[in-house]
Amino acid sequence: MAVSNGMGASRQDLISGMRKCVDAGLNRLDLVWEAIGLVEEQCCDRTKVVFEHVQKLFNDMVDEEELLKTRLQERVVTFRGEAMATLAELGLEPDLPLENSLALVAMEEALRTRLDALDKEKTARLRTLVRLREQEESLVEALGMEELNGRTDSPVGVPSKDFLQKLRERVENLDEEKTRRLQMYVSIQESVLHLMKELEREPQSDFEESIAGNQPESFLLSNDNIKKADELCQDLKKEFDSLEMTAMSLRNQVELMWNRLNVPQEDRDKFAQDYPGCKPAIIKRWRVELEVLEELKKQNMKEFIIAIKNELEKWWDTCMFGPEQRREDSPDVPDDEFTDRVLEAYEDKVESLRIYYEEHAQIYQKIEKRTKMWENYLRLEAKTNDPSRYKNRGGQLLKEGKERTLLKKELPKVERDLKGLLTDWQTVNQKYFIVNDVPYLDVLDADWSEFKSHKEQEKLARQKTRAAQIAEDVTYGSKTPVKRKGLATPSSAAITSAKKPKLTPGKGDVAAPLSRRRILGAHNDTIIISKGDRDVSVASTGSYGAFERGLNAKDRVCRSSVIPQDGEN
(Lines give C-alpha, C1' and ligand atoms only; values in the text may rest on other atoms or scores of the structure.)
Protein backbone atom coordinates (compact mmCIF):
# COMPACT_ATOMS: atom_id res chain seq x y z
CA MET A 1 0.00 0.00 0.00
CA ALA A 2 1.36 3.32 -1.02
CA VAL A 3 1.68 5.89 1.75
CA SER A 4 1.38 9.59 1.03
CA ASN A 5 4.25 11.80 2.22
CA GLY A 6 1.73 14.19 3.79
CA MET A 7 2.82 17.21 1.79
CA GLY A 8 -0.06 19.67 1.80
CA ALA A 9 -2.31 17.47 4.03
CA SER A 10 -3.82 18.61 7.31
CA ARG A 11 -2.87 17.14 10.67
CA GLN A 12 -6.22 15.23 10.92
CA ASP A 13 -5.66 13.74 7.48
CA LEU A 14 -2.22 12.62 8.57
CA ILE A 15 -3.61 10.98 11.75
CA SER A 16 -6.34 9.25 9.78
CA GLY A 17 -3.80 8.06 7.25
CA MET A 18 -1.57 6.83 10.05
CA ARG A 19 -4.39 4.72 11.48
CA LYS A 20 -5.18 3.27 8.09
CA CYS A 21 -1.50 2.51 7.64
CA VAL A 22 -1.41 0.61 10.99
CA ASP A 23 -4.60 -1.28 10.18
CA ALA A 24 -3.29 -2.19 6.75
CA GLY A 25 0.00 -3.33 8.20
CA LEU A 26 -1.72 -5.52 10.78
CA ASN A 27 -3.93 -7.03 8.06
CA ARG A 28 -0.92 -7.82 5.97
CA LEU A 29 0.78 -9.42 8.99
CA ASP A 30 -2.34 -11.54 9.62
CA LEU A 31 -2.26 -12.76 6.03
CA VAL A 32 1.41 -13.61 6.27
CA TRP A 33 0.96 -15.35 9.58
CA GLU A 34 -2.03 -17.28 8.23
CA ALA A 35 -0.04 -18.34 5.22
CA ILE A 36 2.75 -19.49 7.48
CA GLY A 37 0.25 -21.47 9.50
CA LEU A 38 0.79 -19.79 12.84
CA VAL A 39 -1.73 -20.58 15.51
CA GLU A 40 -3.67 -17.88 17.40
CA GLU A 41 -1.36 -17.91 20.32
CA GLN A 42 1.62 -17.41 18.09
CA CYS A 43 -0.13 -14.59 16.20
CA CYS A 44 -0.98 -12.95 19.53
CA ASP A 45 2.60 -13.09 20.67
CA ARG A 46 3.78 -11.61 17.45
CA THR A 47 1.11 -8.92 17.60
CA LYS A 48 2.32 -8.05 21.08
CA VAL A 49 5.85 -7.62 19.73
CA VAL A 50 4.55 -5.28 17.03
CA PHE A 51 2.66 -3.31 19.63
CA GLU A 52 5.67 -2.94 21.86
CA HIS A 53 7.78 -1.89 18.92
CA VAL A 54 5.31 0.75 17.80
CA GLN A 55 4.80 1.89 21.37
CA LYS A 56 8.55 2.26 21.90
CA LEU A 57 8.84 4.15 18.67
CA PHE A 58 6.20 6.61 19.74
CA ASN A 59 7.73 6.94 23.19
CA ASP A 60 11.11 7.69 21.68
CA MET A 61 9.61 10.28 19.43
CA VAL A 62 7.74 11.90 22.31
CA ASP A 63 10.91 11.90 24.40
CA GLU A 64 12.80 13.62 21.62
CA GLU A 65 10.15 16.29 21.28
CA GLU A 66 10.06 16.76 25.02
CA LEU A 67 13.83 17.15 24.98
CA LEU A 68 13.53 19.71 22.17
CA LYS A 69 10.98 21.61 24.20
CA THR A 70 13.26 21.59 27.22
CA ARG A 71 16.20 22.76 25.16
CA LEU A 72 14.16 25.56 23.64
CA GLN A 73 13.08 26.68 27.07
CA GLU A 74 16.65 26.59 28.31
CA ARG A 75 17.90 28.49 25.29
CA VAL A 76 15.20 31.10 25.70
CA VAL A 77 16.32 31.63 29.27
CA THR A 78 19.99 31.65 28.27
CA PHE A 79 19.50 34.02 25.32
CA ARG A 80 17.40 36.37 27.38
CA GLY A 81 20.01 36.47 30.11
CA GLU A 82 22.89 37.00 27.71
CA ALA A 83 20.97 39.61 25.77
CA MET A 84 20.13 41.52 28.94
CA ALA A 85 23.78 41.41 30.01
CA THR A 86 25.01 42.59 26.61
CA LEU A 87 22.47 45.39 26.55
CA ALA A 88 23.78 46.52 29.89
CA GLU A 89 27.40 46.38 28.63
CA LEU A 90 26.47 48.39 25.58
CA GLY A 91 24.56 50.89 27.66
CA LEU A 92 21.34 50.23 25.76
CA GLU A 93 17.81 50.11 27.04
CA PRO A 94 16.22 46.59 27.15
CA ASP A 95 14.15 45.98 24.03
CA LEU A 96 13.53 42.18 24.26
CA PRO A 97 10.11 40.50 23.75
CA LEU A 98 8.14 40.01 26.95
CA GLU A 99 7.95 36.50 28.40
CA ASN A 100 5.13 34.31 27.06
CA SER A 101 4.43 36.97 24.43
CA LEU A 102 5.59 34.59 21.68
CA ALA A 103 5.54 30.86 21.07
CA LEU A 104 8.59 29.01 22.34
CA VAL A 105 10.20 28.58 18.92
CA ALA A 106 9.48 32.19 17.89
CA MET A 107 10.75 33.49 21.22
CA GLU A 108 13.97 31.49 20.86
CA GLU A 109 14.52 32.76 17.33
CA ALA A 110 13.80 36.40 18.29
CA LEU A 111 16.15 36.30 21.28
CA ARG A 112 18.84 34.53 19.29
CA THR A 113 18.67 37.09 16.46
CA ARG A 114 18.79 40.02 18.85
CA LEU A 115 21.70 38.50 20.77
CA ASP A 116 23.64 38.01 17.54
CA ALA A 117 23.15 41.69 16.65
CA LEU A 118 24.23 42.77 20.12
CA ASP A 119 27.32 40.57 19.96
CA LYS A 120 28.27 42.08 16.59
CA GLU A 121 27.90 45.61 17.97
CA LYS A 122 29.95 44.68 21.02
CA THR A 123 32.69 43.19 18.85
CA ALA A 124 32.68 46.25 16.59
CA ARG A 125 33.03 48.61 19.54
CA LEU A 126 35.89 46.66 21.02
CA ARG A 127 37.69 46.55 17.67
CA THR A 128 37.12 50.28 17.20
CA LEU A 129 38.52 50.93 20.66
CA VAL A 130 41.65 48.94 19.89
CA ARG A 131 42.15 50.67 16.54
CA LEU A 132 41.64 54.16 17.96
CA ARG A 133 43.97 53.46 20.87
CA GLU A 134 46.68 52.29 18.47
CA GLN A 135 46.26 55.43 16.36
CA GLU A 136 46.30 57.58 19.48
CA GLU A 137 49.52 56.02 20.73
CA SER A 138 51.18 56.39 17.34
CA LEU A 139 50.23 60.08 17.06
CA VAL A 140 51.23 60.83 20.64
CA GLU A 141 54.61 59.25 19.96
CA ALA A 142 55.07 61.16 16.69
CA LEU A 143 54.22 64.44 18.40
CA GLY A 144 56.49 63.75 21.35
CA MET A 145 53.63 64.24 23.79
CA GLU A 146 53.13 62.76 27.22
CA GLU A 147 51.06 59.62 26.81
CA LEU A 148 48.49 60.62 29.42
CA ASN A 149 48.26 64.20 28.21
CA GLY A 150 44.58 64.63 27.33
CA ARG A 151 43.95 60.89 27.26
CA THR A 152 40.71 59.42 28.63
CA ASP A 153 40.99 56.07 30.41
CA SER A 154 39.18 53.24 28.70
CA PRO A 155 36.08 52.03 30.54
CA VAL A 156 35.83 48.54 31.96
CA GLY A 157 34.12 46.29 29.47
CA VAL A 158 32.53 47.57 26.30
CA PRO A 159 33.07 51.30 25.53
CA SER A 160 30.00 53.43 25.00
CA LYS A 161 29.25 55.26 21.77
CA ASP A 162 29.95 58.61 23.44
CA PHE A 163 33.34 57.39 24.66
CA LEU A 164 34.28 56.14 21.20
CA GLN A 165 33.14 59.42 19.63
CA LYS A 166 35.29 61.45 22.03
CA LEU A 167 38.24 59.17 21.41
CA ARG A 168 37.69 59.46 17.66
CA GLU A 169 37.65 63.28 17.94
CA ARG A 170 40.87 63.20 20.00
CA VAL A 171 42.56 61.08 17.33
CA GLU A 172 41.37 63.47 14.61
CA ASN A 173 42.70 66.45 16.58
CA LEU A 174 46.03 64.72 17.09
CA ASP A 175 46.20 63.91 13.39
CA GLU A 176 45.44 67.53 12.45
CA GLU A 177 48.10 68.71 14.88
CA LYS A 178 50.58 66.30 13.35
CA THR A 179 49.73 67.56 9.85
CA ARG A 180 50.11 71.18 11.00
CA ARG A 181 53.43 70.55 12.69
CA LEU A 182 54.67 68.50 9.75
CA GLN A 183 53.83 71.30 7.30
CA MET A 184 55.52 73.80 9.59
CA TYR A 185 58.59 71.61 9.90
CA VAL A 186 58.81 70.94 6.16
CA SER A 187 58.76 74.69 5.52
CA ILE A 188 61.41 75.27 8.19
CA GLN A 189 63.53 72.39 6.89
CA GLU A 190 63.44 73.73 3.33
CA SER A 191 64.49 77.16 4.55
CA VAL A 192 67.28 75.73 6.72
CA LEU A 193 68.67 73.61 3.88
CA HIS A 194 68.51 76.55 1.46
CA LEU A 195 70.21 78.89 3.93
CA MET A 196 72.92 76.35 4.74
CA LYS A 197 73.61 76.00 1.03
CA GLU A 198 73.75 79.77 0.52
CA LEU A 199 75.96 80.19 3.58
CA GLU A 200 78.16 77.25 2.51
CA ARG A 201 77.68 75.93 6.03
CA GLU A 202 77.75 72.33 7.22
CA PRO A 203 75.58 70.97 10.11
CA GLN A 204 77.30 71.65 13.42
CA SER A 205 75.28 69.49 15.83
CA ASP A 206 73.30 66.27 15.99
CA PHE A 207 70.12 68.28 15.87
CA GLU A 208 71.22 70.06 12.71
CA GLU A 209 72.24 66.71 11.29
CA SER A 210 68.74 65.37 12.00
CA ILE A 211 67.27 68.27 10.05
CA ALA A 212 69.71 68.08 7.17
CA GLY A 213 69.74 64.32 6.74
CA ASN A 214 66.38 62.90 7.77
CA GLN A 215 63.05 62.67 6.04
CA PRO A 216 60.34 64.88 7.56
CA GLU A 217 58.29 61.84 8.59
CA SER A 218 61.09 60.55 10.81
CA PHE A 219 61.57 63.84 12.66
CA LEU A 220 60.12 64.02 16.18
CA LEU A 221 57.47 66.70 15.84
CA SER A 222 57.50 67.85 19.45
CA ASN A 223 56.90 71.47 20.32
CA ASP A 224 60.45 71.77 21.60
CA ASN A 225 61.92 70.38 18.39
CA ILE A 226 59.76 72.62 16.22
CA LYS A 227 60.81 75.61 18.34
CA LYS A 228 64.49 74.69 18.11
CA ALA A 229 64.23 74.18 14.35
CA ASP A 230 62.57 77.58 13.96
CA GLU A 231 65.22 79.26 16.14
CA LEU A 232 67.91 77.66 13.96
CA CYS A 233 66.16 78.94 10.86
CA GLN A 234 65.92 82.47 12.30
CA ASP A 235 69.62 82.44 13.24
CA LEU A 236 70.54 81.34 9.74
CA LYS A 237 68.31 84.05 8.27
CA LYS A 238 70.03 86.71 10.35
CA GLU A 239 73.39 85.35 9.22
CA PHE A 240 72.19 85.33 5.62
CA ASP A 241 70.74 88.84 5.87
CA SER A 242 74.02 90.08 7.26
CA LEU A 243 75.87 88.36 4.44
CA GLU A 244 73.42 89.79 1.91
CA MET A 245 73.88 93.30 3.27
CA THR A 246 77.64 92.82 3.10
CA ALA A 247 77.36 91.66 -0.50
CA MET A 248 75.10 94.59 -1.39
CA SER A 249 77.46 97.04 0.26
CA LEU A 250 80.42 95.56 -1.60
CA ARG A 251 78.52 95.70 -4.89
CA ASN A 252 77.58 99.33 -4.31
CA GLN A 253 81.18 100.21 -3.49
CA VAL A 254 82.45 98.36 -6.52
CA GLU A 255 79.80 99.98 -8.74
CA LEU A 256 80.84 103.37 -7.42
CA MET A 257 84.48 102.65 -8.12
CA TRP A 258 83.63 101.35 -11.60
CA ASN A 259 81.77 104.57 -12.34
CA ARG A 260 84.63 106.73 -11.13
CA LEU A 261 87.20 104.68 -13.03
CA ASN A 262 85.00 104.54 -16.17
CA VAL A 263 85.20 100.75 -16.34
CA PRO A 264 83.48 99.53 -19.56
CA GLN A 265 79.94 98.31 -19.09
CA GLU A 266 80.60 94.94 -20.70
CA ASP A 267 83.34 94.25 -18.14
CA ARG A 268 80.98 95.16 -15.32
CA ASP A 269 78.19 92.95 -16.65
CA LYS A 270 80.52 89.98 -17.10
CA PHE A 271 81.87 90.25 -13.56
CA ALA A 272 78.37 90.58 -12.09
CA GLN A 273 77.17 87.55 -14.07
CA ASP A 274 80.19 85.48 -13.01
CA TYR A 275 79.72 86.26 -9.32
CA PRO A 276 76.01 86.52 -8.41
CA GLY A 277 74.43 85.96 -5.01
CA CYS A 278 75.99 86.38 -1.59
CA LYS A 279 77.78 83.16 -0.79
CA PRO A 280 81.00 83.60 1.22
CA ALA A 281 83.11 82.64 -1.79
CA ILE A 282 81.26 85.22 -3.93
CA ILE A 283 81.69 87.91 -1.28
CA LYS A 284 85.37 87.10 -1.10
CA ARG A 285 85.67 87.64 -4.85
CA TRP A 286 83.91 91.04 -4.66
CA ARG A 287 86.25 92.05 -1.83
CA VAL A 288 89.23 91.22 -4.01
CA GLU A 289 87.73 93.29 -6.82
CA LEU A 290 87.22 96.22 -4.44
CA GLU A 291 90.82 95.98 -3.27
CA VAL A 292 92.01 96.06 -6.86
CA LEU A 293 89.83 99.11 -7.56
CA GLU A 294 91.08 100.82 -4.39
CA GLU A 295 94.58 100.43 -5.66
CA LEU A 296 93.55 101.91 -9.00
CA LYS A 297 91.85 104.73 -7.12
CA LYS A 298 95.11 105.69 -5.45
CA GLN A 299 96.77 105.72 -8.82
CA ASN A 300 93.99 107.96 -10.23
CA MET A 301 93.21 110.17 -7.24
CA LYS A 302 92.57 113.35 -9.24
CA GLU A 303 90.11 111.68 -11.60
CA PHE A 304 88.38 110.13 -8.58
CA ILE A 305 87.96 113.43 -6.81
CA ILE A 306 86.62 115.09 -9.97
CA ALA A 307 84.17 112.22 -10.43
CA ILE A 308 82.92 112.38 -6.85
CA LYS A 309 82.51 116.13 -7.13
CA ASN A 310 80.24 115.54 -10.11
CA GLU A 311 78.40 112.93 -8.10
CA LEU A 312 77.91 115.44 -5.29
CA GLU A 313 76.45 117.88 -7.81
CA LYS A 314 73.93 115.22 -8.90
CA TRP A 315 72.88 114.62 -5.31
CA TRP A 316 72.46 118.36 -4.80
CA ASP A 317 70.17 118.38 -7.85
CA THR A 318 68.31 115.38 -6.51
CA CYS A 319 67.84 117.01 -3.11
CA MET A 320 66.86 120.32 -4.79
CA PHE A 321 69.61 122.35 -3.16
CA GLY A 322 69.92 126.01 -4.15
CA PRO A 323 73.20 127.92 -4.50
CA GLU A 324 73.25 128.96 -0.86
CA GLN A 325 72.54 125.41 0.34
CA ARG A 326 75.30 124.08 -1.89
CA ARG A 327 77.82 126.57 -0.52
CA GLU A 328 76.94 125.61 3.03
CA ASP A 329 77.04 121.89 2.20
CA SER A 330 80.37 121.92 0.36
CA PRO A 331 83.25 120.07 2.10
CA ASP A 332 85.73 122.39 3.79
CA VAL A 333 88.72 121.31 1.72
CA PRO A 334 90.85 123.06 -0.90
CA ASP A 335 89.63 122.76 -4.49
CA ASP A 336 93.13 122.23 -5.86
CA GLU A 337 94.12 119.46 -3.49
CA PHE A 338 93.83 115.83 -4.59
CA THR A 339 94.52 113.67 -1.56
CA ASP A 340 92.86 110.89 0.39
CA ARG A 341 91.66 113.46 2.90
CA VAL A 342 89.80 115.41 0.19
CA LEU A 343 88.39 112.26 -1.35
CA GLU A 344 87.19 111.01 2.01
CA ALA A 345 85.54 114.37 2.75
CA TYR A 346 83.60 114.24 -0.53
CA GLU A 347 82.71 110.58 -0.06
CA ASP A 348 81.32 111.34 3.41
CA LYS A 349 79.30 114.21 2.00
CA VAL A 350 77.87 112.09 -0.83
CA GLU A 351 76.96 109.34 1.62
CA SER A 352 75.28 111.78 4.00
CA LEU A 353 73.25 113.24 1.12
CA ARG A 354 72.24 109.77 -0.02
CA ILE A 355 71.03 108.93 3.48
CA TYR A 356 69.29 112.32 3.74
CA TYR A 357 67.41 111.71 0.50
CA GLU A 358 66.37 108.19 1.53
CA GLU A 359 65.04 109.54 4.81
CA HIS A 360 63.05 112.26 3.02
CA ALA A 361 62.22 110.38 -0.18
CA GLN A 362 58.48 110.61 0.46
CA ILE A 363 58.63 114.41 0.72
CA TYR A 364 60.81 114.77 -2.39
CA GLN A 365 58.57 112.49 -4.41
CA LYS A 366 55.55 114.56 -3.39
CA ILE A 367 57.38 117.76 -4.35
CA GLU A 368 58.31 116.36 -7.76
CA LYS A 369 54.73 115.24 -8.34
CA ARG A 370 53.31 118.60 -7.29
CA THR A 371 55.84 120.45 -9.48
CA LYS A 372 54.84 118.49 -12.59
CA MET A 373 51.14 118.98 -11.87
CA TRP A 374 51.66 122.71 -11.26
CA GLU A 375 53.55 123.14 -14.53
CA ASN A 376 50.79 121.32 -16.41
CA TYR A 377 48.18 123.44 -14.66
CA LEU A 378 49.92 126.69 -15.71
CA ARG A 379 50.37 125.38 -19.25
CA LEU A 380 46.67 124.60 -19.59
CA GLU A 381 45.66 127.92 -18.04
CA ALA A 382 47.89 129.76 -20.53
CA LYS A 383 46.20 127.97 -23.40
CA THR A 384 42.80 129.31 -22.36
CA ASN A 385 43.94 132.75 -23.61
CA ASP A 386 45.25 131.41 -26.92
CA PRO A 387 42.65 131.96 -29.71
CA SER A 388 44.46 129.53 -32.02
CA ARG A 389 43.49 126.59 -29.83
CA TYR A 390 40.00 126.67 -31.36
CA LYS A 391 41.54 125.78 -34.73
CA ASN A 392 42.87 122.50 -33.39
CA ARG A 393 41.03 119.39 -34.41
CA GLY A 394 41.06 115.80 -33.25
CA GLY A 395 39.47 116.37 -29.84
CA GLN A 396 42.39 118.39 -28.43
CA LEU A 397 40.07 120.86 -26.67
CA LEU A 398 38.13 118.02 -25.07
CA LYS A 399 41.35 116.35 -24.00
CA GLU A 400 42.66 119.58 -22.46
CA GLY A 401 39.35 120.11 -20.70
CA LYS A 402 39.45 116.68 -19.10
CA GLU A 403 43.07 117.16 -18.09
CA ARG A 404 42.29 120.56 -16.56
CA THR A 405 39.35 119.13 -14.62
CA LEU A 406 41.50 116.27 -13.28
CA LEU A 407 44.26 118.68 -12.24
CA LYS A 408 41.81 120.96 -10.42
CA LYS A 409 40.65 117.91 -8.47
CA GLU A 410 43.98 116.20 -7.77
CA LEU A 411 46.35 119.17 -7.30
CA PRO A 412 44.71 120.34 -4.04
CA LYS A 413 44.91 116.80 -2.65
CA VAL A 414 48.61 116.51 -3.43
CA GLU A 415 49.31 119.93 -1.95
CA ARG A 416 47.30 119.09 1.16
CA ASP A 417 49.27 115.86 1.69
CA LEU A 418 52.56 117.67 1.03
CA LYS A 419 51.73 120.44 3.50
CA GLY A 420 50.91 117.81 6.11
CA LEU A 421 54.27 116.06 5.59
CA LEU A 422 56.19 119.33 5.68
CA THR A 423 54.36 120.60 8.78
CA ASP A 424 55.01 117.36 10.66
CA TRP A 425 58.68 117.38 9.63
CA GLN A 426 59.16 121.00 10.66
CA THR A 427 57.44 120.35 14.00
CA VAL A 428 59.77 117.45 14.77
CA ASN A 429 62.97 119.08 13.50
CA GLN A 430 62.17 122.67 14.58
CA LYS A 431 63.33 124.14 11.28
CA TYR A 432 62.08 124.80 7.78
CA PHE A 433 62.27 122.26 4.96
CA ILE A 434 64.33 124.17 2.40
CA VAL A 435 64.08 123.66 -1.37
CA ASN A 436 66.25 125.80 -3.65
CA ASP A 437 67.15 128.07 -0.72
CA VAL A 438 63.48 128.74 0.16
CA PRO A 439 61.12 127.10 2.69
CA TYR A 440 58.89 125.01 0.47
CA LEU A 441 55.71 125.87 2.35
CA ASP A 442 56.38 129.49 1.33
CA VAL A 443 56.85 128.33 -2.28
CA LEU A 444 53.38 126.78 -2.29
CA ASP A 445 51.79 129.99 -1.01
CA ALA A 446 53.88 132.18 -3.33
CA ASP A 447 52.98 130.14 -6.41
CA TRP A 448 49.28 130.59 -5.81
CA SER A 449 49.64 134.27 -4.87
CA GLU A 450 51.61 134.94 -8.06
CA PHE A 451 49.11 132.96 -10.10
CA LYS A 452 46.14 134.87 -8.68
CA SER A 453 47.96 138.19 -9.17
CA HIS A 454 48.72 137.29 -12.77
CA LYS A 455 45.10 136.33 -13.39
CA GLU A 456 43.96 139.64 -11.87
CA GLN A 457 46.37 141.55 -14.10
CA GLU A 458 45.07 139.70 -17.14
CA LYS A 459 41.54 140.53 -16.08
CA LEU A 460 42.36 144.25 -15.66
CA ALA A 461 44.16 144.25 -19.03
CA ARG A 462 41.12 142.72 -20.72
CA GLN A 463 38.83 145.26 -19.05
CA LYS A 464 41.11 148.11 -20.16
CA THR A 465 41.23 146.79 -23.72
CA ARG A 466 37.45 146.36 -23.77
CA ALA A 467 36.91 149.89 -22.45
CA ALA A 468 39.24 151.33 -25.11
CA GLN A 469 37.43 149.37 -27.81
CA ILE A 470 34.06 150.65 -26.61
CA ALA A 471 35.36 154.24 -26.62
CA GLU A 472 36.70 153.78 -30.14
CA ASP A 473 33.43 152.27 -31.30
CA VAL A 474 31.52 155.20 -29.82
CA THR A 475 33.84 157.66 -31.53
CA TYR A 476 34.44 156.01 -34.89
CA GLY A 477 31.93 153.20 -35.15
CA SER A 478 32.47 149.46 -34.86
CA LYS A 479 34.53 147.48 -37.36
CA THR A 480 33.09 144.23 -36.16
CA PRO A 481 31.32 142.54 -39.10
CA VAL A 482 27.87 141.14 -38.53
CA LYS A 483 27.10 138.40 -41.05
CA ARG A 484 23.73 138.66 -42.75
CA LYS A 485 21.58 135.59 -42.61
CA GLY A 486 18.86 136.99 -44.90
CA LEU A 487 17.72 140.33 -46.32
CA ALA A 488 14.53 141.59 -44.79
CA THR A 489 12.48 144.58 -45.95
CA PRO A 490 12.89 147.48 -43.48
CA SER A 491 9.80 148.86 -41.87
CA SER A 492 8.37 152.30 -42.68
CA ALA A 493 9.59 153.54 -39.30
CA ALA A 494 13.10 152.47 -40.19
CA ILE A 495 12.87 154.25 -43.55
CA THR A 496 11.63 157.46 -41.94
CA SER A 497 14.38 157.29 -39.36
CA ALA A 498 16.93 156.75 -42.09
CA LYS A 499 15.84 159.89 -43.98
CA LYS A 500 16.11 162.18 -40.97
CA PRO A 501 19.92 162.14 -40.55
CA LYS A 502 21.72 164.25 -43.09
CA LEU A 503 24.58 161.96 -44.07
CA THR A 504 27.32 163.51 -46.14
CA PRO A 505 30.25 161.23 -46.87
CA GLY A 506 33.22 162.39 -44.87
CA LYS A 507 31.26 165.05 -42.95
CA GLY A 508 28.71 163.11 -40.93
CA ASP A 509 28.47 163.50 -37.16
CA VAL A 510 29.04 160.75 -34.57
CA ALA A 511 25.41 159.84 -34.36
CA ALA A 512 25.17 158.98 -38.00
CA PRO A 513 27.03 155.64 -37.93
CA LEU A 514 25.13 154.56 -34.82
CA SER A 515 21.77 155.37 -36.45
CA ARG A 516 22.72 153.51 -39.55
CA ARG A 517 23.78 150.50 -37.50
CA ARG A 518 20.42 150.41 -35.77
CA ILE A 519 18.57 150.65 -39.04
CA LEU A 520 20.60 148.13 -40.99
CA GLY A 521 20.72 145.83 -38.03
CA ALA A 522 17.04 145.23 -38.57
CA HIS A 523 17.83 143.06 -41.59
CA ASN A 524 21.25 141.73 -40.45
CA ASP A 525 23.18 143.43 -43.23
CA THR A 526 26.98 143.84 -43.12
CA ILE A 527 28.27 147.25 -42.06
CA ILE A 528 31.86 148.45 -42.48
CA ILE A 529 32.85 151.82 -40.98
CA SER A 530 36.08 153.48 -42.10
CA LYS A 531 38.18 155.03 -39.35
CA GLY A 532 39.92 157.47 -41.70
CA ASP A 533 37.07 159.55 -43.12
CA ARG A 534 34.19 157.93 -41.19
CA ASP A 535 32.49 156.90 -44.46
CA VAL A 536 29.90 154.24 -44.07
CA SER A 537 29.35 151.63 -46.79
CA VAL A 538 26.84 148.83 -46.95
CA ALA A 539 28.50 145.77 -48.49
CA SER A 540 25.44 144.34 -50.13
CA THR A 541 23.70 147.59 -51.16
CA GLY A 542 26.48 150.03 -52.01
CA SER A 543 26.30 153.54 -50.50
CA TYR A 544 23.52 154.76 -48.27
CA GLY A 545 22.20 156.88 -51.15
CA ALA A 546 21.88 153.77 -53.26
CA PHE A 547 20.14 152.10 -50.34
CA GLU A 548 17.64 155.02 -50.07
CA ARG A 549 17.07 155.18 -53.82
CA GLY A 550 16.50 151.45 -53.92
CA LEU A 551 13.81 151.77 -51.26
CA ASN A 552 11.97 154.46 -53.25
CA ALA A 553 12.44 152.91 -56.71
CA LYS A 554 9.17 152.63 -58.66
CA ASP A 555 10.32 149.60 -60.58
CA ARG A 556 10.98 147.53 -57.46
CA VAL A 557 9.17 144.24 -57.96
CA CYS A 558 8.62 143.30 -54.32
CA ARG A 559 9.63 144.27 -50.80
CA SER A 560 12.50 141.74 -50.80
CA SER A 561 13.97 142.92 -54.15
CA VAL A 562 17.69 143.40 -54.21
CA ILE A 563 18.68 147.06 -53.92
CA PRO A 564 20.83 148.12 -56.92
CA GLN A 565 24.46 149.04 -56.37
CA ASP A 566 26.06 152.41 -57.25
CA GLY A 567 26.20 152.87 -61.00
CA GLU A 568 23.38 150.49 -61.77
CA ASN A 569 20.63 153.21 -61.89
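The values are calculated or read from the model by the stated rules, or taken from the named source; none is laboratory data. In this text the structure is predicted, and so the values were computed from the model without any measurement. We place every Cβ from the backbone using ideal geometry, glycine too, and count neighbours over all the protein chains shown. Surface areas here come from the heavy atoms of the whole protein model, side chains and all, with no ligands, DNA or RNA. Shrake-Rupley method; radii C 1.70, N 1.55, O 1.52, S 1.80 Å.
Note down the net charge around residue 302, summing +1 for each Lys or Arg and -1 for each Asp or Glu among other residues with Cβ under 13 Å from its Cβ.
Numbers: positive: 260, 297, 298, 309; negative: 303, 335, 336, 337, 340.
Its environment carries a net charge of -1.
Once you have the alpha carbon radius of gyration of segment 284-363, what is it after dividing by 2.2 N^0.38 Å, with N set to its residue count?
Against the empirical 2.2 N^0.38 Å value, I get 1.23 for segment 284-363.
Quick check for you: with a 1.4 Å probe and neighbouring chains kept, what is the accessible area per residue of segment 356-453, in Å²? Kindly include the intermediate steps, with their values, before the conclusion.
Numbers: 6430 Å² over 98 residues.
Result: 66 Å² per residue.
Leaving out ligands, DNA and RNA, and with a 1.4 Å probe, what % of the accessible surface on segment 16-107 is carbon or sulfur?
59 percent
For the pair residue 242 and residue 454, what calculated FRET efficiency results from E = 1/(1 + (r/R0)^6), where r is the Cβ-Cβ distance and R0 = 45 Å, to the nearest 0.05?
After rounding to 0.05, the efficiency reads 0.20.
Please calculate how many Å² of accessible area segment 267-317 carries per residue, with a 1.4 Å probe and no DNA, RNA or ligand atoms counted.
On the way: 3080 Å² over 51 residues.
Value for segment 267-317: 60 Å² per residue.
Hey, what's segment 14-61 come to in accessible area per residue, 1.4 Å probe, Å²?
Ligands and nucleic acids excluded, the figure is 84 Å² per residue.
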